Ligand SMILES: Nc1ncnc2c1ncn2[C@@H]1O[C@H](COP(=O)(O)OP(=O)(O)O)[C@@H](O)[C@H]1O
Ligand SMILES: CC(C)(COP(=O)(O)O)[C@@H](O)C(=O)NCCC(=O)O
Ligand SMILES: [Mn+2]
C-alpha cells in the first residue's frame with residue numbers, strides 16, 4: 001500500500017461529470033417563484049443553484065423536483081425549497097467505514113422559525129437583511145454530529161442509524177415526512193467498508209451506499225476543517241497544546257498524514273488537488289494488533305492506558321545499553337535514546353509473560369509513533385513541505401502519541417518542519433463524504449458560520465452508550481446521573497505533571513496526567529457538535545478582523561484559569577436556585593437543576609485538566625458554556641422574574657429621571673447621562689459581589705448609592721474627548737453621528753435608567769439609534785425580544801422616545817407596515833430600532849454576529865459597548881472603524897486590579913475616536 005502515486009484532477013468527482021446535475025426539463029428544474037420574488041430574481045436564483053451543482057460530483061443522483069414547494073413564509077426573498085420526492089435530500093448522514101472503525105457524521109436541522117417574531121420581520125424588511133450569506137439559495141442551518149463505532153461491531157452502527165432514523169432524515173426532520181416512504185435512499189460512504197458492507201446496509205436499512213473515493217474524502221475533509229473551523233489545528237510538544245492560526249491564503253501545500261489502520265501520506269496542493277505520495281503499513285492497526293497479541297488487552301484504549309504506566313527501557317535497547325551508560329554525543333544521541341525498539345529482548349532469555357504489558361505497550365507506541373513521524377518528515381522533505389497535519393484515530397487525542405510524533409518531526413527536521421494535529425482527527429473521511437452531497441453547500445460556509453457546542457451525552461462513541469436520543473431530556477438527565485457517578489474521574493482533582501520531559505534524543509517517561517486514560521465516553525467532551533448558522537457574519541466595523549481577539553484575559557495563564565473557575569463554581573448554587581425558581585421550583589425543575597450543576601462542573605473539571613480541550617479557551621467561552629449548559633437542561637431564562645421585577649421598578653422612576661435630566665444644560669446633561677450608564681451597570685446578577693449587595697437594599701436605593709459614587713475622574717476617563725466630539729468646543733458645533741449602535745447589557749435600571757436616556761439624547765441630537773441586544777437570555781441581560789415592550793413602556797413617559805420608536809417600528813401599531821415611517825410628520829425624528837446580536841452570552845465575539853446587526857452596522861459611525869462582559873472581558877482592546885465608547889462598572893476586584901489597576905466598583909469610560917492613535 002505504500003508509495004502508490006496517483007494524480008488527481010482538481011475536481012472531487014469520481015464519476016464522469018457529464019452525468020446530469022439537474023433534469024433537463026426546464027419546467028421541472030425551476031423551483032416555483034415565491035410571491036415576493038421578481039421574475040428576474042427567480043431566474044438568477046435558478047441559474048446560481050444550477051451553476052453551483054455543476055462543479056460538483058457527477059455521481060450525485062439527479063434531483064427530483066416534482067412537488068417542490070416553498071417551506072415557511074412566501075414573503076421571504078430566498079425561501080427554503082423542499083423537494084418532497086427527492087430521495088437524496090433526506091439522507092443527512094455519511095459514513096467512513098475503515099479497517100478498524102466506522103465514522104459517522106450526521107446532520108440535524110435547527111428548529112427555528114424567525115418569522116414568528118414581528119420585530120425580526122420588521123427589521124428584516126427595513127434593513128434589507130440578506131438571508132444566509134450571499135447565496136441566492138439558502139443553506140439549511142443545523143448541527144453536525146460525530147460518532148464512531150468499531151468496524152467489527154457493524155451491527156451497533158446499523159442499530160444506531162435505525163434508532164435515530166438517520167437513513168430517513170433523522171427524528172428531528174419530521175418536516176420531510178413525505179419522503180419517509182421513499183425506498184431509494186442513497187447514503188454517501190467512503191472507506192473500504194463502503195464496498196465490503198454494501199449488502200449489510202441494503203438489508204439492514206434498505207439504503208444504497210454511494211461510494212466516494214477515500215483519498216478525495218480525506219482531503220476534502222481536511223481542507224474544509226482547516227478553512228472553516230477556527231481552532232482545528234494545533235501543535236502538541238512536551239505536553240503543551242497550542243492552536244495554530246491558519247491563514248487561508250497560505251494553507252497549501254501541506255502534507256496530510258492520516259494514521260488509521262494503515263497510514264496514507266498525501267501532498268495537498270489545493271481544493272481537490274492532491275497526490276498520495278506515500279504511506280506505511282505500520283500504523284494504528286499494527287499498534288492495536290500487535291498490542292493485543294503481546295498484552296492480551298481487549299481494547300485499544302486498554303493498551304493505550306497501559307502505556308501510560310510503562311517503562312520502555314525494560315524492552316527497548318537504548319543507546320546507553322550499547323555505550324555502557326554513556327551518550328553518543330558526537331552524533332547527537334543521548335544515552336536514553338532508543339537504539340533499537342524491542343532490542344533488549346534479544347539479550348535476555350525471558351518469556352513474554354516475564355515482561356510487563358505496560359512496558360511492551362509503551363515500547364510499541366513509541367516505535368510506531370516515531371516511525372510515522374520519521375517517514376512523514378522524509379516525505380515532507382522530499383516535496384519541500386514544512387507543514388504536516390496528522391489525522392486518523394490512531395492519534396486519539398492522546399498526549400503522549402502526539403508528543404512522540406512531534407518530537408520525531410522536530411528532531412529529524414532540526415526544527416524546520418512542524419507536526420500539527422486536527423481536533424476532528426479521525427473524521428476527515430466521513431466529513432469529506434458528507435460534503436460530497438452538494439445540497440448542503442457546506443464548503444461555502446466560513447469559520448464565522450460555525451459554532452461548536454459541547455452538549456452532555458452527545459453520542460460520540462457507539463456501543464451501549466449511545467447517549468440520549470436527540471431532544472429527549474429525561475434520558476439525558478438519567479444519562480448524566482449515571483455518567484457523573486461513573487465518571488468520578490472527571491470531577492476528581494487531576495494530578496498535573498510538569499511539562500518538559502524531553503531530553504536530547506527522546507523522552508524519559510511518557511507525558512501523562514494520571515494513570516487512567518480518559519474514557520471514550522468522556523472523549524465526547526473533546527469534539528463537540530458543530531452548529532451551522534449560515535446567517536452569522538463578521539461584524540463589518542471591526543478595524544482589522546484578522547487581528548481581532550475577543551477575550552481580554554488570557555486563560556492560558558494558570559492562575560487566571562484557577563481564579564475564574566473558582567468564581568464560576570462559587571456562583572453555581574445561587575444560579576441553580578434562580579434557574580429552578582424560574583421554572584416554578586417543581587421536582588422536575590430541581591432534577592434538571594441538579595443535572596445542570598453536574599454537567600457544568602464536569603465541563604469545568606475537564607477544562608481545568610485540559611484547558612484547550614474544546615478549542616482555545618477564553619473567559620467569554622466559559623461564560624457562554626454556562627448559558628448553553630442551562631439551555632441544554634431547558635432553563636430558557638433563569639433570571640426572568642428578576643428581570644421583570646427590575647424593569648418595572650426602573651420604569652416607575654424613569655419619568656422623574658428624564659425630568660431631572662431635561663432641567664440641565666447640555667454639558668451637565670451629557671455628563672449626567674454617562675454617569676447614569678456607569679452607575680446603573682451595577683445591576684449585574686453575574687457578579688458575586690453584586691448578588692450579595694442586592695440582598696441588602698431595594699434596587700432604587702442601590703441605584704441612588706451607585707450614582708452618588710460617580711465622581712470623576714473615573715479610573716479610565718476619556719469623557720472630555722467624548723464630550724468634545726459630541727458638543728464641540730467654543731462655537732464649533734460638530735455634526736451629529738449618523739447612526740449609533742448601543743450594545744445594551746442588563747435588564748432593569750441598567751437599560752431603563754442608563755442606556756435608554758443616553759439613546760434619547762442621541763436621538764434628540766439627530767442620530768439614529770440601534771439598540772443591540774442579545775438574541776438569547778444570558779444572566780439578567782435584556783434580550784432583543786424583550787426590548788420593544790420596555791421601549792413601549794418608556795415611550796409613555798417621553799415624546800422623543802415615542803416618536804423615535806414609532807419611526808423605528810418598535811411600537812406594535814407602527815410595525816404593521818414599515819412604509820408608515822416615511823410619513824412627513826416623523827421625518828425629523830430619527831428612528832430608534834432594536835436588533836439582535838446573534839449571541840446568547842454575557843460577552844460578544846464580533847467575529848460571529850447576526851446578519852441583522854451586520855446590516856444595521858453598515859450605516860453606523862458610533863459604537864457604544866456597555867457592561868463588563870461586552871466592554872471589558874471581551875473587546876476592551878478591540879478596535880473599530882468608527883468612534884467607539886466603552887462604558888462599564890467593574891464589579892470584580894481582581895479584574896479591576898488586572899485591567900485598570902483599580903478597585904471593585906471603579907468605572908471605565910474609554911473613548912476611541914475613529915483614526916485616533918489608540919485605535
Ligand atoms: N476505540 C478504538 N477501537 C479501535 N481502534 C481504535 C480506537 N480508538 C483509536 N483506535 C486506533 O485507530 C485506528 C483506526 O483509525 P481510523 O482513522 O479510524 O482508521 P480506519 O479507517 O483504518 O479504521 C485503529 O487501528 C487504532 O489504532
Ligand atoms: C458575567 C459578567 C461578565 C456580567 O457582567 P455585565 O456585562 O452584566 O456587566 C460579570 O458579572 C462577571 O464577570 N462575573 C463574574 C465575576 C464575579 O462574580 O465577580
Ligand atoms: Mn450583563
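Here, each number is a calculation from the coordinates, and none is a lab measurement. Computed from a predicted model, the values in this text were never measured in an experiment. Cβ atoms come from the backbone with ideal geometry, glycine included; neighbour counts cover every protein chain shown.
Does the range 227-383 come out rounded, prolate or oblate, given a ≥ b ≥ c as the square roots of the eigenvalues of its C-alpha gyration tensor, rounded meaning a/c under 1.5 and, failing that, prolate meaning a/b above b/c? List each step's numbers first, then the result.
Numbers: a/c = 2.19, a/b = 1.69, b/c = 1.30.
It is prolate, given that a/c is not under 1.5 and a/b is the larger ratio.
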Legend entry - Cα gyration tensor category, rounded, prolate or oblate, for the range 558-632 with a/c compared to 1.5: prolate
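Quickly rank 746-756, 646-656, 446-456 as a protection proxy: mean count of other C-beta atoms within 10 Å, highest first. Could you put the intermediate results ahead of the total?
Working: 746-756: 29.1, 646-656: 17.7, 446-456: 19.6.
Descending mean neighbour count gives 746-756, 446-456, 646-656.
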Inset, instruction - List the relative contact order of the range 558-632 as a percent without decimals, with contacts defined as Cα pairs under 8 Å and 6+ residues apart. - result: 30
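Only Cα pairs under 8 Å and at least 6 apart count here; give the relative contact order of the range 235-300 as a rounded whole percent. Walk me through the numbers on the way to the answer.
Details: 76 pairs, mean separation 13.9, N = 66.
Worked out over the range 235-300, it gives 21 percent.
For a protection proxy built on the mean count of beta-carbon atoms within 10 angstrom, sort 340-351, 863-874 highest first, please. Intermediate values should be presented prior to the final figure.
Values: 340-351: 13.2, 863-874: 27.1.
Ranked by mean Cβ neighbours within 10 Å, highest first: 863-874, 340-351.
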Inset, instruction - Could you line up 157, 690 from fewest to most neighbouring Cβ atoms inside 10 Å? - result: 690, 157
Inset, instruction - May I ask you to derive the relative contact order of the range 640-912, considering only C-alpha pairs under 8 Å and at least 6 residues apart, and to give it as an integer percent? - result: 22
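With a 10 Å radius around each residue's Cβ, average the other Cβ atoms per peptide and rank 800-811, 710-721, 407-418, 599-610, highest first.
Details: 800-811: 23.8, 710-721: 16.0, 407-418: 17.9, 599-610: 20.2.
Highest-to-lowest ranking by the protection proxy: 800-811, 599-610, 407-418, 710-721.
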Legend entry - Theoretical gain in end-to-end length, residue 153 to residue 558 [0.36 nm per residue, Cα-Cα removed]: 141.6 nm
Inset, instruction - Using only the Cα atoms of the range 640-912, build the gyration tensor, take square roots of its eigenvalues as a ≥ b ≥ c, and label the shape rounded, prolate or oblate: rounded if a/c is under 1.5, else prolate if a/b is larger than b/c, else oblate. - result: rounded
Legend entry - Residues in the range 675-697 reached by a label modelled at residue 566 [backbone nitrogen below 20 Å; 7 Å Cα→Cβ]: 686-693
